[in-house]
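The values are calculated or read from the model by the stated rules, or taken from the named source; none is laboratory data. Predicted model, so just to flag it, every value in this text is computed and none were measured. Virtual Cβ from ideal backbone geometry, glycine too; neighbours counted across all protein chains shown. Accessible surface is based on the protein model in full, side chains and every heavy atom, while ligands, DNA and RNA are left aside. Shrake-Rupley method; radii C 1.70, N 1.55, O 1.52, S 1.80 Å.
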Amino acid sequence: MYLAQRTFLSRLKRGTMDNLEAEETIISLVSQVIARATAGRAMPHPRSNDAHRDLGQRARAMVLESFDEHLSVAALAGKLGASAFHLCRVFREQTGMTLHGFRLDVRVRSVLERLEDPRADLSRIAADFGFASHSHFSTMLRRRFGYTPRAVRNSLTS
């Protein structure tokens with residue numbers, strides 16, 4: 001989904017898309033976002049309350065702010081004033097994702113902007129975004145988007 005959005009924006013910037021195609025693409029992307037947002041969403045546990053929603057939102061915000069750091073669950077929980085177990089349980093209940101999965105999603109999405117630069121070194125990008133190696137980076141992009149970093153770059157720049 002994020003790759004489709006970045007490819008759309010890249011093509012729009014380059015002027016390789018006419019107005020009709022752009023409008024249809026936007027409608028399609030919005031439809032997909034709505035479908036994904038509502039599909040498979042776990043129903044909140046009956047005990048879920050405002051405090052759980054607040055903890056989930058604060059955790060999301062903290063992960064978004066520090067996605068390039070390697071915070072442990074214990075450190076994150078400590079900063080949020082919760083136990084590691086409670087944070088993991090509530091975060092998954094509120095978002096349908098694990099903390100690790102969410103952080104990985106954020107890291108992979110953030111990489112897309114850097115991949116638009118055809119001169120940027122892929123190994124440098126991998127290191128800058130906290131991937132253990134170029135191989136780890138390639139594996140994560142392939143899992144998320146179905147393409148290698150080079151293929152993603154080619155789709156964003158061609």
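Take the Cβ-Cβ distance between Ser28 and Val73 as r, set R0 to 30 Å, and report the resulting FRET efficiency rounded to the nearest 0.05.
Values: r = 37 Å, r/R0 = 1.23.
Working from the Cβ atoms, E equals 0.20.
Given a 1.4 Å probe and every protein chain left where it sits, what share in percent of the accessible area of the chain is carbon and sulfur?
Working: 5220 of 9490 Å².
Within the chain, the accessible surface is 55 percent carbon and sulfur.
Going by average Cβ density within 10 Å per residue, which order do the peptides 93-101, 8-16 take, highest to lowest? Numbers along the way, then the final one.
On the way: 93-101: 15.6, 8-16: 13.2.
Ranking the peptides 93-101, 8-16 by packing returns 93-101, 8-16.
Which whole-Hz ³J(HN,Hα) couplings does segment 106-119 yield from phi under the Karplus relation 6.51 cos²θ - 1.76 cosθ + 1.60, θ = phi - 60°, glycine and proline marked x?
Each residue's phi maps through the Karplus curve to give 5, 4, 5, 5, 5, 5, 4, 4, 5, 6, 5, 8, x, 8 Hz.
Would you calculate, for the chain, the mean residue ellipticity at 222 nm contributed by helices, counting each DSSP H stretch of 4 or more residues as -39,500 (n - 2.57) and dividing by all residues, to the nearest 500? Mind showing how you got there, number by number?
Details: 9 runs with 114 residues, N = 158.
Mean residue ellipticity, 222 nm, calculated: -22500 deg cm²/dmol.
Can you bin the chain into rounded, prolate or oblate? Criterion: square roots of the alpha carbon gyration tensor eigenvalues sorted a ≥ b ≥ c, rounded for a/c under 1.5, prolate for a/b above b/c, oblate for the rest.
Values: a/c = 2.75, a/b = 1.45, b/c = 1.90.
Since a/c reaches 1.5 but b/c is at least a/b, the shape of the chain is classed as oblate.
If I take R0 = 25 Å and measure r between the Cβ atoms of Met1 and Met62 in this structure, what FRET efficiency does the formula 1/(1 + (r/R0)^6) give, to the nearest 0.05?
On the way: r = 23 Å, r/R0 = 0.93.
For Met1 and Met62, the calculated efficiency is 0.60.
If you take every residue apart from Ala77 with its C-beta less than 13 Å away from the C-beta of Ala77, what net charge results, scoring Lys and Arg +1 and Asp and Glu -1? Walk me through the numbers before you get to the answer.
On the way: positive: Arg58, Lys79, Arg89; negative: none.
Cβ neighbours under 13 Å give a net charge of +3.
Rounded, prolate or oblate: which fits segment 116-158 when a ≥ b ≥ c are the square roots of the eigenvalues of the alpha-carbon gyration tensor, with rounded for a/c under 1.5 and prolate only if a/b beats b/c?
Verdict is oblate for segment 116-158.
Find the relative contact order for the chain and round it to a whole percent, using C-alpha pairs within less than 8 Å whose residues are 6+ positions apart.
Working: 116 pairs, mean separation 38.3, N = 158.
Relative contact order of the chain: 24 percent.
Just the accessible area per residue of segment 2-128, please: how many Å² with a 1.4 Å probe? All intermediate terms of the calculation are to be shown ahead of the outcome.
Numbers: 7820 Å² over 127 residues.
That works out to 62 Å² per residue.
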